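Following: one structure in C-alpha cells, then a few remarks.
Values quoted throughout were computed directly from the atomic coordinates according to the rules given, and no laboratory measurement underlies them. As the structure is a prediction and not an experimental result, all values here were calculated from the model. Backbone-built Cβ (ideal geometry, glycine too); neighbour counts: all protein chains shown.
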C-alpha cells in the first residue's frame with residue numbers, strides 16, 4: 001500500500017474577524033483526510049466571540065486547547081437545550097445533525113480543535129456546517145415571504161427575522177451579556193476531562209495515557225468514535241502500538257514537540273518526522289505508531305474511528321514478544337536461545353511509555 005503521509009498545520013482560513021476565526025485542514029494539503037474519510041478544523045473565539053447556532057454533517061470530537069467555552073446543544077425535535085461549560089483539557093463528542101452554539105464569556109482567547117469521521121460528509125475530508133441564521137443561514141435562504149407564512153409574521157416582522165443578523169459564522173457580542181448557566185450532571189455523560197494526570201496508564205517520570213471509549217462515556221456508541229490523550233514528559237518515549245480492530249487515528253499535537261514514527265506493511269517508516277504544536281498527522285488502519293518527546297515534552301490528542309478500539313502493544317508483557325513460545329521467538333528473530341531469554345526478559349513488564357534515561 002502506497003500511502004502519502006505528511007505532518008500539516010491548518011492551511012485554510014474559513015473565517016477570520018474580531019470575534020475569532022475558523023481554520024481547516026484542506027484536502028489539497030492533506031489528501032489522506034479524504035482518502036481515509038476524516039476531517040479536522042480549529043475554532044478560535046476571542047472574548048465575547050459567539051459561533052452562531054449550526055449543525056454539521058459529521059460525527060466528531062472537540063478538544064479544548066485553551067480557555068473556557070459555553071456550549072449549547074439542541075438535538076433534533078428537542079424542546080430543550082443542554083448547556084455545557086467546557087475548559088482546557090476537556091473533550092466533547094458531537095453528533096451530526098445536533099444544533100450547537102459556542103460562546104467565549106471569559107477574558108482570554110478560547111481554542112478548540114475538532115477531529116472526526118467524514119464518511120457521510122457532503123465533501124469527503126471536510127466538515128460542512130449548516131447555520132440556522134445569519135447571512136449563511138437557512139432563514140436567509142428561505143427568504144422573508146416563506147418565513148412569514150411559516151411563522152405567521154407580517155412583512156416587517158419577517159424582514160427582521162431574516163435580515164437582522166448580518167454575521168456569518170462568528171459574531172462578537174456586547175459586553176455584559178449573560179448566557180445561561182451550565183446544565184447539571186453533564187460531566188462524564190456528555191463530555192469529560194481527557195487531560196487527566198490520574199490517567200488510564202501512568203508511568204512515573206514518563207507521562208500518562210488516557211483512553212476514552214464507550215465503556216467510560218456510553219454516548220460514544222452513538223457516534224462510533226473514541227479518543228486518546230498522550231502526555232509525554234521531556235525525552236520520554238511512547239512505545240510502539242497499533243489499533244488491532246482496523247480503526248484509523250487522526251492526531252493533533254496540542255503542546256510541545258517531538259519525533260513521530262508511523263510504520264506500515266513494508267518494513268519502513270511511512271512517516272518519520274518532527275512534530276510540534278498545531279501539527280496534524282494520521283495513522284492509517286493497522287499501522288504502528290511510536291514517538292519520542294523533545295526536552296519540553298509533548299501532548300497529543302487523537303480521535304479513533306471506533307467507540308471501542310482495541311490497542312495492541314508491540315512491546316512489553318502484553319505484546320506478541322512475551323506471548324511467543326521460546327522456539328518460535330528464536331526462529332522469528334533468528335537468534336540464539338540465550339538472546340531469546342534476554343529479549344523476553346526485557347518484555348516481562350508493561351511498556352507503554354518509556355521514561356527518559358537517567
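Looking only at segment 101-237, where both bridge partners belong to it, what percent of the DSSP beta bridges are antiparallel (to the nearest 5)?
For segment 101-237, the DSSP antiparallel bridge percentage is about 80.
Enter the angle in degrees (range 0 to 90, nearest 10) between the Cα long axis of helix 138-151 and the first principal axis of the Cα atoms of the chain, meaning the one along which they spread out most.
50 degrees
Give me the distance in nm between label points sitting 7 Å out from Cα along the Cα-to-Cβ direction at residue 357 and residue 149, one decimal.
7.8 nm
Just subtract the alpha-carbon distance of residue 173 and residue 308 from 0.36 nm times their residue separation and send over the number in nm, one decimal.
Working it through step by step, the gained length comes to 44.6 nm.
Normalised by the number of residues in the chain, what is the relative contact order in percent for Cα pairs under 8 Å and 6+ residues apart?
Worked out over the chain, it gives 16 percent.
At 0.36 nm per residue, minus the direct Cα-Cα distance, what do residue 9 and residue 28 gain on full extension? Give it in nm, one decimal, please.
Answer, rounded to one decimal: 5.6 nm.
Alpha carbon centre of segment 116-161 versus segment 279-358: separation in Å?
Comparing the Cα centres of segment 116-161 and segment 279-358, I get a distance of 50 Å.
Extension gain residue 87-residue 294, at 0.36 nm per residue separation less the Cα-Cα distance, in nm?
71.9 nm
Show me the ranking of peptides 168-177, 74-83 by mean Cβ neighbours inside 10 Å, starting with the highest.
Per-residue Cβ counts within 10 Å, averaged per peptide and sorted highest first, yield 168-177, 74-83.
Which of rounded, prolate, oblate describes the chain, given a ≥ b ≥ c as roots of the alpha-carbon gyration tensor eigenvalues and a/c under 1.5 marking rounded, otherwise prolate only if a/b is larger than b/c?
prolate
Between residue 339 and residue 204, take the C-beta separation as r, use R0 = 35 Å, and let me know the FRET efficiency to the nearest 0.05.
0.75
With the alpha-carbon atoms as the only input, what is the per residue convex hull volume for segment 1-96 in Å³?
Each residue corresponds to 125 Å³ of Cα convex hull volume.
At a Förster radius of 51 Å, what calculated FRET efficiency corresponds to the Cβ-Cβ distance of residue 157 and residue 285, to the nearest 0.05?
The calculated FRET efficiency here is 0.40.
Report the semi-axes of the equivalent ellipsoid for segment 196-354 in whole Å, largest first, where each axis is √(5λ) for an eigenvalue λ of the Cα gyration tensor.
Calculated on Cα positions only, the semi-axes equal 27, 19, 16 Å.
Quick one: if the Förster radius is 35 Å, what FRET efficiency do residue 348 and residue 68 give, using the C-beta to C-beta distance and rounding to 0.05?
It comes out at approximately 0.20.
Quick one: Debye curve from the alpha-carbon atoms of segment 12-172 only, equal weights, vacuum; give me log10 I(q)/I(0) at q = 0.19 Å⁻¹ to two decimals.
Scattering profile of segment 12-172, log10 relative to I(0): -1.24.
Where does the chain land at 222 nm, in deg cm²/dmol rounded to the nearest 500, when only DSSP H runs of n ≥ 4 count, each adding -39500 (n - 2.57), divided by all residues?
Value at 222 nm, helices only, nearest 500: -4000 deg cm²/dmol.
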